[in-house]
Amino acid sequence: MNEWLYIIGLLILLVVIMVGFRFLMMKMYKSGLNKEETKVKNYSDKVLLKRYKNLDKTRKNKFLAWYTMGFFFYKEYLQYLESLYQIYRQEVLSRGLMGQ
């Protein structure tokens, strides 16, 4: 009986740690997006296009996201990459660099 209580306690602790880590990651992603929104205006056209094209190639790669962030957190990472892509896309469109 004590073994089962010990296992259940460990599982509950694991779930609490994962939820806390997910919350922390989402806060870090939002902070990173806010910083990137302010920095993207200062990028040169060449740097902006390079980042935009590289992100366009990798933003939907589920295997890379799974490999980078693990099984439990790859969906949040894909959402972060998509948001970052939209920030770059808006800036590229506002500068008129889309055809290059």
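Laboratory data are not the source of any read-out in this text; all were calculated from the coordinates shown. All values derive from a computational prediction rather than experimental measurement. Methodologically, a virtual Cβ is constructed for each residue, glycine included, from the backbone with ideal geometry; neighbour enumeration extends over all protein chains shown.
Hey, fewest Cβ within 10 Å first, where do Glu82, Glu3, Glu91 land in order? It would help to have the intermediate numbers written out before the result.
Numbers: Glu82 12, Glu3 7, Glu91 19.
By the 10 Å Cβ count, ascending: Glu3, Glu82, Glu91.
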Charge dipole of the chain built from unit charges on the beta carbon (Lys, Arg +1; Asp, Glu -1), centred at mean Cα; most positive-end Cα among Phe63, Val16, Gln86 is Gln86
Rule-of-thumb check for the stretch 29-95: C-alpha Rg over 2.2 N^0.38 Å?
1.14
Dividing the mean separation of Cα pairs under 8 Å (6+ apart) by the residue count of the chain yields a relative contact order in percent of 30 percent
